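This report concerns only the one structure given below.
The values are calculated or read from the model by the stated rules, or taken from the named source; none is laboratory data. This structure is a prediction, so every number in the text was calculated from the model and none was measured. We place every Cβ from the backbone using ideal geometry, glycine too, and count neighbours over all the protein chains shown. With ligands, DNA and RNA removed, areas are computed over all heavy atoms of the protein, side chains included. Shrake-Rupley method; radii C 1.70, N 1.55, O 1.52, S 1.80 Å.
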Amino acid sequence: MQIFSTLRRHGAARPLLLILALLLVGLSYSAVSPQRSSAETEMTQQIEEGKALFDFTCSSCHGLGGEGTSQGPSLIGVGAASVDFQMGTGRMPAARQEAQLPARKVNYTQEQIEAVAAYVATLGPGPGIPAESAYTLSLEGDEKAEAIARGGALFRANCSACHGIVGGGGAMPNGKFAPSLAETSDVHIYEAVRTGPQQMPLFSKEVMPDESVAEIIAYLNGAEEQANYGGITMGDAGPVSEGFWAFIIGIGGFALIATWIAKKGARAR
Ligand code: HEC
Ligand code: HEC
């Protein structure tokens, strides 16, 4: 207060205060506004690029506003994650109608894919492209081993019926198939779980939290790295082929033991 009253009495006080005030306003404006507006223009630019690519490449099947046609479903509300998955695994743009559109070579850059994804995301709210932290475990040692074990249990409970016990893939009715997951990148596994492509069910965050998906991904990565622990793989095709061998060896073994016991018993008498 002492300073202000002396300042006010001083002749230069008013212009000085004015300059100070202007400086303050200018500084706070430059601190907030330009960054935001440049990020915004970058974003609208990305969306425009995405829309241009979409109109050219995708609209013949999905419609000019993504509303769908007889050749392809509506993309309103499928979200950026679905586009990143479909284009990132080479499924889209589809070439022709098949029983199932398989993963193929990708002919687009990640920037192009993200631009189309950003455009499709503006059509309606849907799952976004996840941050790496959503699908990566940050655990070490025993905790990591436990998380991988949980991932294995989750995979067997939710995924192996279609994808096989270690994710080797499996056949489905009508010429469709659940692909092998050995080559799939982590982000695409996450996106497949969240968007449920084609015959695959969708797992929401309520049903399967991010942590569980990360555990499944860690399990799948471990399963790829895992050396074959000897023995025959039995095709790694899951319960059917493995059950078959369990049947032959298990029941066969019991039959042998039973005959042996019966023989011994008969001799003992
Ligand atoms: C030749 C036609 C065709 C073209 C071209 C095409 N699509 Fe598709 N798209 C389809 C069909 C058919 C499906 C449905 C596949 C299924 O579920 O069996 C589909 C599905 C999708 C899905 C999944 C929707 C969902 O429910 O999650 C996305 C995302 C998608 N397309 C994006 C694109 C993008 C992006 C392009 C352009 C780069 C594109 N598509 C080009 C035919 C096409
Ligand atoms: C009802 C059967 C079924 C179940 C259960 C299922 N999937 Fe799938 N999954 C499929 C089919 C079919 C496809 C192929 C879809 C396509 O080609 O668009 C697929 C595709 C995928 C892909 C894409 C692979 C690629 O790169 O081509 C991933 C990743 C995946 N599934 C992971 C999972 C995980 C993880 C689970 C368990 C949480 C799971 N799936 C449960 C049937 C299933």
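Overview of results
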{"quantity": "Protein accessible area in segment 41-129, 1.4 Å probe - carbon and sulfur %", "calculated": "58 percent"}
{"quantity": "Cα gyration tensor shape for segment 114-191, rounded if a/c is under 1.5, else prolate or oblate", "calculated": "oblate"}
{"quantity": "For residue 91, residues with placed amide H under 5 Å, excluding near neighbours", "calculated": "104"}
{"quantity": "Per-residue ³J(HN,Hα) for segment 37-48, Karplus 6.51 cos²θ - 1.76 cosθ + 1.60, θ = phi - 60°, Hz, x for Gly and Pro", "calculated": "5, 6, 5, 5, 5, 4, 5, 5, 4, 4, 5, 5"}
{"quantity": "Length gained when the stretch residue 74-residue 142 is fully extended (0.36 nm per residue, less Cα-Cα span)", "calculated": "19.9 nm"}
{"quantity": "Exceeding the 27 Å Cα-Cα cut-off - candidates 105/176; 105/205; 144/205", "calculated": "105/205"}
{"quantity": "Segment 145-220 - accessible surface per residue (Å², probe 1.4 Å)", "calculated": "47 Å²"}
{"quantity": "Average accessible area per residue (Å²) across segment 41-129 - probe 1.4 Å, nucleic acids and ligands excluded", "calculated": "54 Å²"}
{"quantity": "Trypsin sites (Lys or Arg not before Pro) lying in DSSP loop within segment 85-137, provided at most 16 other Cβ fall within 10 Å", "calculated": "96, 104, 105"}
{"quantity": "In nm, spacing of pseudo-spin labels at residue 104 and residue 67 (7 Å Cα→C-beta vector)", "calculated": "2.8 nm"}
{"quantity": "Computed lengthening from residue 156 to residue 42, 0.36 nm per intervening residue step minus Cα-Cα distance", "calculated": "36.7 nm"}
{"quantity": "Karplus 3J(HN,Hα) series, Hz, for segment 185-201 with 6.51 cos²θ - 1.76 cosθ + 1.60 (x for Gly, Pro)", "calculated": "6, 4, 5, 6, 5, 4, 5, 5, 4, 7, 10, x, x, 6, 6, 7, x"}
{"quantity": "Per-selection Kirkwood Rh - segment 41-129 (Cα, Å, 1 d.p.)", "calculated": "12.8 Å"}
{"quantity": "Using a Förster distance of 25 Å, the FRET efficiency for residue 180-residue 251 (Cβ separation, nearest 0.05)", "calculated": "0.25"}
{"quantity": "³J(HN,Hα), Karplus 6.51/-1.76/1.60, whole Hz, each residue of segment 14-23, x for Gly, Pro", "calculated": "5, x, 5, 4, 4, 4, 4, 5, 4, 4"}
